[in-house]
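The values are calculated or read from the model by the stated rules, or taken from the named source; none is laboratory data. Here the structure is a predicted model, which is why all the values come from computation and not from measurement. Accessible surface areas use protein heavy atoms only, side chains included; no ligands, DNA or RNA. Shrake-Rupley method; radii C 1.70, N 1.55, O 1.52, S 1.80 Å.
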Amino acid sequence: MKTGLVLEGGAMRGLFSAGVIDVFLENDINFEAMVGVSAGAAFGCNYISRQKGRALRYNVDYCRNWKYCSFRSLLFTGNMFGADFCYHELPDKLDIFDVETFKNNETDFYVVATDVETGKAVYHKCTDAGYADLEWIRASASMPLVSQIVKADSFKLLDGGIADSIPLKFFKELGYEKNVVVLTQPRDYIKGKNKLIGLSKILLRKYPHLLDTMERRHEIYNEQRKYLFEEEKKGNVLIICPKEKLPVGRIEHDAEKLKEAYEIGKNEALENLEKIREFIK
């Protein structure tokens, strides 16, 4: 039975997931495939490159650097999270990403983005962590209104969480029947309506299908969580999530809060370690 790992996004809430996957690395917990959405892709790639602690390290080191994440970056580059800095300068020069280990890892790695022309999710299998793969990861984490549209292959893309925040059905269709799913919101979380849909309709008016998906996003997300919990009852899914709301915002410049979210993720993974081993055995 094929096993998969699914990481949802949540911007800086993704430090919770970073803590979880570092416990997996420490304890040799492996999956046949992994899919990441938004921060789940941007931080989750370190699981494939086997770089324990890297996601926490560079977030703590650069959380106050305007080139990494700031309104100044948004003003001067069009991206709240600086595209060149985050996805090229940082992994190539400042905190080097282990491309060779990534390429040699037998675990397949997929990322999810949203096609702005259709409003539908598109999926990309990353194979070499080259420029094209990094642009897909950037697209997956490009939040609307604070990011430029990313062109990758023949697509125009934004955040994967718009169309498919928890791509469990996608993985099941690929044949991964038993999946560990890492959420960054607690079990009782219910997503509300998009409060910025009015502004989105102005700034993204060229993309009506995207706007339709954005307007229904809370319904899509809550339905995905319902399906997820149904699959858990059937024994097909093991869920790891925080017990309560994490102490970080989507944008976070407090290094101590980032560390706290990471440690919460580690503790949740450690609490469930034997259950995980039994589940994927």
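Observations, loosely collected:
- Equivalent ellipsoid semi-axes - Cα gyration tensor, region 179-281, angstrom: 31, 21, 10
- The chain: most fluctuating residue of ARG205, ARG217, ARG13 per GNM, C-alpha cutoff 10 Å: ARG205
- Helical mean residue ellipticity (222 nm; -39500 (n - 2.57) per DSSP H run of 4+; nearest 500) of the chain: -12500 deg cm²/dmol
- Estimated D of region 58-167 in µm² per second, where Rh is the Kirkwood radius over Cα pairs and Stokes-Einstein applies at 25 °C, 0.890 mPa s: 169 µm²/s
- Residues with amide H under 5 Å from that of LEU238, placed H, sequence gap 5 or more: ASN179, VAL180, VAL181
- All-pairs alpha carbon distance profile, region 164-203, 5 Å steps from 0, percent: 5, 16, 16, 16, 15, 14, 10, 6, 1
- Karplus-based coupling profile of region 97-114, in residue order and whole Hz: 7, 7, 5, 5, 5, 4, 5, 8, 6, 7, 6, 5, 10, 10, 10, 10, 9, 10, with θ = phi - 60° in 6.51 cos²θ - 1.76 cosθ + 1.60 and x standing for Gly or Pro.
- Proximal aspartates and glutamates relative to LYS156, as straight alpha-carbon distance under 12 Å, when same-chain residues fewer than 8 apart are discounted: ASP115, GLU117, GLU135
- Backbone HN-Hα couplings from phi across region 214-223 [Karplus 6.51/-1.76/1.60, Hz, Gly and Pro as x]: 4, 5, 9, 4, 5, 5, 4, 5, 5, 5
- Most fluctuating residue given options ALA41, ALA132, ALA11, as computed from a GNM of the chain linking Cα atoms under 10 Å: ALA132
- Using a Gaussian network model of the chain in which every pair of alpha carbons under 10 angstrom is joined by a spring, one finds that among GLY198, GLY19, GLY160 the greatest mean-square fluctuation is at GLY198.
- Taking every protein chain into account, the accessible area of region 1-158 amounts to 39 square angstrom per residue (probe 1.4 Å).
- For region 164-226, carbon and sulfur atoms together expose 53% of the accessible surface, with a 1.4 angstrom probe and every protein chain in place.
- Computed over the alpha carbons of region 49-121, Rg followed by Dmax gives 14.8, 40 Å.
- Normalised alpha carbon radius of gyration of the chain [divisor 2.2 N^0.38 Å]: 0.93
- Measuring max minus min along each principal axis, the C-alpha atoms of region 111-191 give extents of 34, 29, 22 Å (largest first).
- Counting DSSP beta bridges with both ends in the chain, the antiparallel % (nearest 5): 40 percent
- Using distinct alpha-carbon pairs, which all enter the 1/r mean, Kirkwood radius of region 170-239 in Å: 14.1 Å
- What the Cα atoms of region 88-144 give is an Rg and a Dmax of 12.6, 37 Å.
- When the alpha carbon coordinates of region 1-115 are projected onto the principal axes, the ranges are 49, 30, 24 Å, largest first.
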